1. Say whether the condition of being within 11 Å of the ligand (Cβ to nearest atom) and open to solvent by 20 Å² or more (accessible area, probe 1.4 Å) is met by at least one residue in segment 27-36.
2. Identify the residue in segment 306-323 that is without any contact (Cβ under 8 Å) to a residue 12 or more places away in the chain and under 22 Å from Thr166 (Cβ atoms) and, among all such residues, is surrounded by the most Cβ atoms within 10 Å (Cβ to Cβ).
3. Collect the residues in segment 195-214 that are assigned to a loop (DSSP other than H, G, I, E, B) and under 20 Å from Pro12 (Cα atoms), keeping them in residue-number order.
4. Taking the stated definitions as given, is Ser180 in contact with a strand residue (DSSP E or B) (Cβ under 8 Å, 6 or more places away or on another chain), among the hydroxyl-bearing types (Ser, Thr, Tyr) and within 8 Å of the ligand (Cβ to nearest atom)?
5. Restricting the search to segment 269-293, which residues are more than 26 Å from the chain's Cα centre (by Cα) and open to solvent by 50 Å² or more (accessible area, probe 1.4 Å)?
6. Mind listing whichever residues of segment 1-26 are more than 13 Å from the ligand (Cβ to nearest atom) and either of a type in the set (Asp, Glu) or at pLDDT 95 or above (or both)?
7. Take segment 324-333 and flag every residue that is in a helix (DSSP H, G or I) and open to solvent by 60 Å² or more (accessible area, probe 1.4 Å).
8. For segment 220-228, does any single residue satisfy the condition of being open to solvent by less than 10 Å² (accessible area, probe 1.4 Å) and either more than 16 Å from the ligand (Cβ to nearest atom) or more than 22 Å from the chain's Cα centre (by Cα) (or both)?
Amino acid sequence: MNKKTILSGIQPSGILTLGNYLGALRNWVTIQHEYDCKFFIADLHSITVRQDPKVLRENTKRAVMQYIACGLDPQINTIFVQSHVHEHAELAWILNCSTYMGELSRMTQFKDKSQKQENVGVGLFDYPVLMAADILLYDSDFVPVGEDQRQHLEITRDLAKRFNSTYGEEIFKIPEAFISETGARIMSLQDPTKKMSKSDPNPNGYISLLDSRDVIIKKFKKAVTDSENIVRYSDEQLGIQNLINIYSSITQKSTSEIEREFEGVGYGKFKVAVGEVVADALEEIQKKFYELNSPEYDSFLTEIYEKGAKTAHGIAKSKLEQVYNAVGFVSKA
Ligand code: TYM
């Protein structure tokens, strides 16, 4: 039986966070046997915001290690680096030509990110089109992402339908977002109205997958909450709501179970309890990561992403040929 195709990626713009893990990676691990999975490191996307070249190279390799340390099996998944498959950038160009400025201007992620920059690059504006290209090249059925990517999936679907109807063929499969119920929206520990992000200038706002147990507990102790001192899931208590979400996402306990568990207990103890379960969950991942992060594993890792790029390129090449043919380009051969 043909397996359905899953595709997703993470930007190497820093060490991955608890948000990336609970919103994306952890779900990838649970579905990896059921689907034909392609997971990539979105390095082309990451340069929409200025990156230090040395750090970017390091973070890209570390992202591969973190994928594997989190439990992705390189034997059954295609793991690759986005810039190794040039068709992503090429298809983005084609899709650009049928994307409207207005629809890109409405993207909330663009609005947020562009406010933080003095000079806004065209790449940042165009980010969702490249993302659409990533997804459409592989006939992806499902795209497992966090809630913040829902809008990008919607525009991907719109672009695919528009292209198919313009050229009168079912060239692109229409993908669906795959967003889990828990963990899809982990917020900053310092400002629970903003999502937890690896590019947050304040490291107390996020938990990195590589933070030590002490640092994790310290960050949770410092998490911004309120003065109610009641562990209750409420829109009036966004900081506590976020901590309950994290605790629930890791322990699989329901919010009402958690409220009962911490009834009459102050925030201090609750914060430490959340820190403990997070540190426990990350312990194995860190052990595996540090094992992989040594020169003796260099060639093992290189082989994984080179093999991944080869497989990905085979698929992407034939999809791009179909597209070039549909738009009327003269074939090379
Ligand atoms: P990135 O690197 O920002 O995020 C990677 C994945 O982590 C999820 N995520 C979160 N989930 C819950 N809470 C959070 N605080 C949190 N922060 C991040 C994101 O939703 C995402 O699933 N644009 C993508 C990268 C990308 C991509 C693609 C994804 C490029 N092309 C094609 C899927 C398909 C992104 O936001 O990366």
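1. Checking segment 27-36: at least one residue is within 11 Å of the ligand (Cβ to nearest atom) and open to solvent by 20 Å² or more (accessible area, probe 1.4 Å).
2. That would be Glu321.
3. Met196, Ser197, Lys198, Ser199, Asp200, Pro201, Asn202, Tyr206, Ile207, Leu209, Leu210, Asp211
4. Values: in contact with a strand residue (DSSP E or B) (Cβ under 8 Å, 6 or more places away or on another chain): yes; among the hydroxyl-bearing types (Ser, Thr, Tyr): yes; within 8 Å of the ligand (Cβ to nearest atom): no.
Answer is no for this residue.
5. Scanning segment 269-293 gives a single hit, Lys269.
6. Correct list: Lys3, Lys4.
7. Across segment 324-333, the qualifying residues are Tyr324, Asn325.
8. Yes, segment 220-228 contains a residue that is open to solvent by less than 10 Å² (accessible area, probe 1.4 Å) and either more than 16 Å from the ligand (Cβ to nearest atom) or more than 22 Å from the chain's Cα centre (by Cα) (or both).
The values are calculated or read from the model by the stated rules, or taken from the named source; none is laboratory data. Every value quoted in this text rests on a predicted model; they were computed, and no experiment measured them. Cβ: placed from backbone, ideal geometry, glycine included. Neighbour counts: every protein chain shown. The accessibility values were calculated without ligands, DNA or RNA, using every heavy atom of the protein model including side chains. Shrake-Rupley method; radii C 1.70, N 1.55, O 1.52, S 1.80 Å.
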